[in-house]
Each structure stands twice: as C-alpha cells, then as structure tokens.
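Down below is the structure, laid out as structure tokens.
Read-outs throughout are calculated quantities, based only on the coordinates presented, and are distinct from any laboratory measurement. These numbers come from a predicted model, not from an experiment. Cβ coordinates were reconstructed from backbone atoms using ideal geometry, including for glycine residues, and neighbour counts include every protein chain displayed.
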Amino acid sequence: NDNDEELPNDVCTEKQLSSLPIVCLNQNSRTKKERPLRHVDEHGNVSTYSLRPMFYSVIFILMVELLERFSFYGVNYTMTSFLTGAYDDRKKHLPESERWNADMNAISASSMVSISTAVAYSTPFFGAILADCFLGDYKAMLVGSIGFYLPGLLLILASSVPHFWGQETFNRTALSIGLLGLWPIGTGIVKSIVNVFGAKQFHPLLQSSLIESYYVKFYMCINIGAFIGGIIVPLVAQSDVTLAYTFPVVMLLIAIILFLSGTPRYVRHPPCSSSSSSSSKSNSSLLTIFKISALIIPFNIAYSQMATTFIIQGTVMKRAFGWIDAASMNNADAVSVLFFGHFVGSHLYPYLNRHNIKLTTTNKFALGSTLGTLAIAWALFLEHKIHKQYALDGKKISILWQALAYVMIGAGEIFAVSAAYEVAFTAAPPEQKVLASALNLFCVGGIPNLLCLVLYNLCSSWFVPTTKKISISRLEDYVSAEVYKYFMVLLGVALLGVIINLLPAVQNFVRSVEEAATESIKTPNLKTPLARRRKDRKRIEASPLLRMQRHKAYLKYGSGPQLYKAGSMRA
C-alpha cells in the first residue's frame, strides 16, 4: 500500500501482532496459534510463519548442519592417512598380512582426496538446480543426504572392514564409488541448500532482522561440528579406523532423523520454473565474477594442502601429548578461523573504518595470498628441519611445529575467501546470484583441487623414496624422497597470487566492477509504479515492498552479518 508506516522487521512476540495489518496474519484457526504470520509471494504462494522460528523449526536445521560438518571433516581429515596406510604403520605389532588399507603412495592418495574435494565443490550447481527447479529445498535435501551422502559414508565404512566384500585384498572400487562419487555429490547438494532453507523459515519482511542472528548461529554450528569431528575421528582412527568411520555414519543418520522430525514445522516453498532470460549482460556479469574469483585460486591451492601434503608431512612427525597427529592438526585451522574472524570483524575493520582506511578487495586477496605463501614457506622450512633432525640423530620432530602453517592458512581465509564470496554476491545480476555463488564456490574449491591433481602427477617422482617403497609414511623413506621440491613449486604458485593481486591493472578492473555494482544498488528503478509515486529516494529505500524484493535476493545467497562474512571456507 501507499501509507508511510513502515512494518517492523523483528516480529517475535504476540504483543506485536496487534500492530500488523490483517493481510500479514494467518486466519486459519487450525494453524494460527503456532504460525500466526502470513506471507504471499509474487507467485501467489501462501506461507505461514512462527513467531519464534529459531526454536520452532530452525533448531533442527542447525543441528543437521553441525552433525553433517562433523561427518564431512571427520572423513576429510583422515582419508589421506587411511589411503597410505599410515594408521597401520603406527601399529608395530601388526603382521603384514593383517594390514588393511588401500596401500596407496602419497601421490595417489593426495590425488584421490583432491578429486573428491573438487567434486564436492562442483556439485552445488546440481544441488541449486535440483532445489530451485524440480524438487524444492526440503525434498532436495533428503535426496542429497539419503540418496547420496549416507550411502557414500556407508561404502567408505565398509571399505575399512577387512574382507567385508569377501575378497582377500582391499576393494578400491567400492571405496572409489563412495569417496569420489556418492559422498562428495551428497555433500555438494546439501551444501547448496541447508543455509538457505534455514533462512527461509523466517518471514521475509516481518522477521528480516532476525536472520542475522540465524547466520551467526549457523556459522558457529559449522565450526563446532568441524572442530569436534576433527578431534574425535582422527583420535579414534589411531587405534581403529573402522570404529572411527562409524562415527560419521551415525552422526549423519542422527542428522537425517532430526531433519525428518522437524518436517511438520518447516516452511516449504515449491520449486520455481527455471528462467529462460539469460541475457548477454547477465552472462557478461558471470564471466566478470569468474575473473575476480579466479584471483584467489593460488591461495586455495595452498589451502588444499591441509588435507593432502600437510598430512603426508605430518605422518613422519612425532605425535604431541601422545594423541595429536597429522589429521588432528587440521583443527588448528578451525581455531585460527574463529580467532581471526572475531578479531578482524570486531576490531580490525571497525578500527580501519574509524580512520577512513578501506582495504580494497584486491588488497584483501593479496593479504590472504601472502598468508598462504607464508604457510607454504613454513612447510618448506619444516622439510629442512625434518631432514636435519634425521641426519643428526634419526629422530622425529614434534607435530606441533606444523601449527603455524595451519594458523596462517586460517587467517588467510578471513581475507581472501570471505572477500570473494562478498564480491560474487554484490556484483552478480539479481536473477543469477545463486549461480554466481556456485561459480565462486567452484573457483574456491573445484578448480584449485583439479590443479592440485595436475601438480601431484607432474611432480610424482619427488614423492618416490630411493628405497623404492610405495609409501613414504615412514621417516626413513620420507627423507630419501624430495617432497621439499614440491613445496618449492607451491611457494612459487602462492607468490604468483600475491603479485597478480597487486598489479595496477587488476586492481583497477576489480575496483571498476565494485563501483558499478554499488551504483546499481544505489540507483532506484524509476520505472516501477512504486518509484513513480515516491520521488523521495529515502522513502523509496524504506518501502516494505522494495525491502522485501531485496530480501528475496538476500535469502538466495545472503551476505549475512559481519561474523558470517568473515567465515572460513566451511561456511
């Protein structure tokens, strides 16, 4: 309507209902007590909402995210050690005939993990199409978790059980189907839907301000799940890999049960028909976003080493306190992200704003790439230290020496990755923000892992010990290989990322894109009837209709609050 009253955006109490127009209230006597708020979208679909969605329905979604991240990172952190047989190597009493693993060399194991990660970061395209065009968010979540994710975890678990398939040798085919197919596809589908489905439980106009609180909790659940899974699964795997991989299966199964138990409470929107208006302007915008997101590929190549070559290096280092091993060290990254995310979002950026200092996007990319370069440089230094200590007395150095590399990677994520997500959202055309975000995600995790796969195979001879053994998980075999040369190549790649982002031409290009996006947001569309009636720009900005339209785009792939923007790749 044309009145000047602005509707509240934080409706969460019954007292506030009396101030709302009748069109915003649910008149159905059976459901209005639990879901008193009403909304009709542009297609005429009617939805009703709870006054307290966080406790009414969103809590189920948050628990799903926490348990799913437990499952994902529990497997991701330990898979390289399992494939190379590093866990069996620790059991000195175990006869050779009782060793049960893929017995892969470092290159094959790292390649397999990189392919799996690349698939996980590429399939959000599939998840977005499945949810938006065919099944809707709820059904697509079930397809991803029950049809792909859970069967993938079950195959990984079954592969860790000796002779489960009735064969005398390890069944790599079953493991490959689970690790390279079902599991990462399920991850990608769920990853593209779960945060948006949670945000859609809030009334898009009357509860828009409450969504920021949701994203804070969502971000915390991501890191809590990753942190706990990154401790328990690697710790248990040191004594029993099968038992360790039982935890991700059980946790995901609990997540699915919780998700289903919340079914009657969810706001479920029908899928929308796919748009056929792919103009050349929109395609040009997507190409521009791809060019910008590609600027952090060198940093993400460094990031990808945490699940591969950092693990390989850590397997020949001495465990700390008797239980902190190479896989457990990944938690240093999670702690780093939480610490630096809070510091940067709550202290550094506000300080810079008070002094009128602005870090440009390319400056953030360069800073993140610099931290990634320092992380690789530290890993290279550890190579020297490992060899020097072995030549001195044949002993191992402590795994805690690796902590600094993980900390610097975590700090780099805060600047590089979060800035890329923000640009992908702000610079994308309104009708293609989901696709733009998926494209950015592909640059964050898909392309870097494919490039890592190429690097592993080009440098494979450096991972072969002079003892001619397949594995380099034993110190005497590791020092006879030339892994340090691979880290030198990585150092050059990461340094290239710093240089590219400091080039004036690149900085001017990104700045021009951001300025154009800012102007398009500031300029109202004067062709709309609402704009014609309201010439005053301030009143246009405050109108409920315009806010609702913007909020619709926000729900598709919202920028979230400051803490969420400073999130890690886990977000």
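General observations
- Legend: calculated FRET efficiency, Phe134 to Leu392, from the Cβ-Cβ distance at R0 = 51 Å, rounded to 0.05, equals 0.25.
- Pairwise FRET efficiency - Leu20 versus Ala516, Cβ, R0 = 30 Å, nearest 0.05: 0.20
- Measuring r between the beta carbons of Ala174 and Arg265 and using R0 = 45 Å, the FRET efficiency lands at 0.75.
- Hz values of 3J(HN,Hα) by residue in the stretch 73-84 - Karplus curve (6.51, -1.76, 1.60), Gly and Pro given as x: 6, x, 6, 4, 6, 9, 5, 4, 5, 5, 5, 7
- For the stretch 53-273, the equivalent ellipsoid built from the Cα gyration tensor has semi-axes of 35, 17, 14 Å, listed from largest to smallest.
- Charge dipole magnitude, Cβ of K and R +1, D and E -1 - the stretch 280-522, Cα centre, debye nearest 20: 280 debye
- Packing-based ranking, highest mean first, of 395-404, 42-51, 307-316, 487-496 given that Cβ atoms within 10 Å are counted: 307-316, 487-496, 395-404, 42-51
- Pair-distance profile P(r), taking every C-alpha pair of the stretch 325-365, with 10 angstrom steps and integer %: 25, 38, 24, 11, 2
- Amide H contacts under 5 Å for Ala102, placed H, 5+ residues apart: Gly85
- With the convex hull of the Cα atoms taken as the outline of the stretch 361-426, the averaged projected area works out to 4.5 nm².
- Between Ile499 and Ser284, the simple label model (points 7 Å from Cα in the Cβ direction) yields a spacing of 3.2 nm.
- For the stretch 13-169, convex hull volume per residue from C-alpha positions, Å³: 178 Å³
- Rg(Cα) / (2.2 N^0.38 Å) computed for the stretch 122-240, rounded to two decimals: 1.32
- Cα-derived Rg over Rh, computed across the stretch 354-480 with Rh taken as Kirkwood radius: 1.12
- All Cα pairs of the stretch 280-522, percent lying beyond 30 Å: 33 percent
- Two-site label geometry, Ser461 and Ile357: point separation in nm, points 7 Å out along Cα→Cβ: 4.8 nm
- Its alpha carbons considered, the stretch 286-352 gives a radius of gyration followed by a Dmax of 16.6, 50 Å.
- Long-range HN-HN contacts of Arg38 with modeled amide H, under 5 Å: Leu25, Asn26, Tyr49
- In units of the compact-protein estimate 2.2 N^0.38 Å, the stretch 312-386 shows a Cα radius of gyration of 1.47.
- Beyond 32 Å in Cα-Cα separation lie the following of the pairs Lys291/Lys468; Lys139/Lys217; Lys318/Lys485: Lys291/Lys468.
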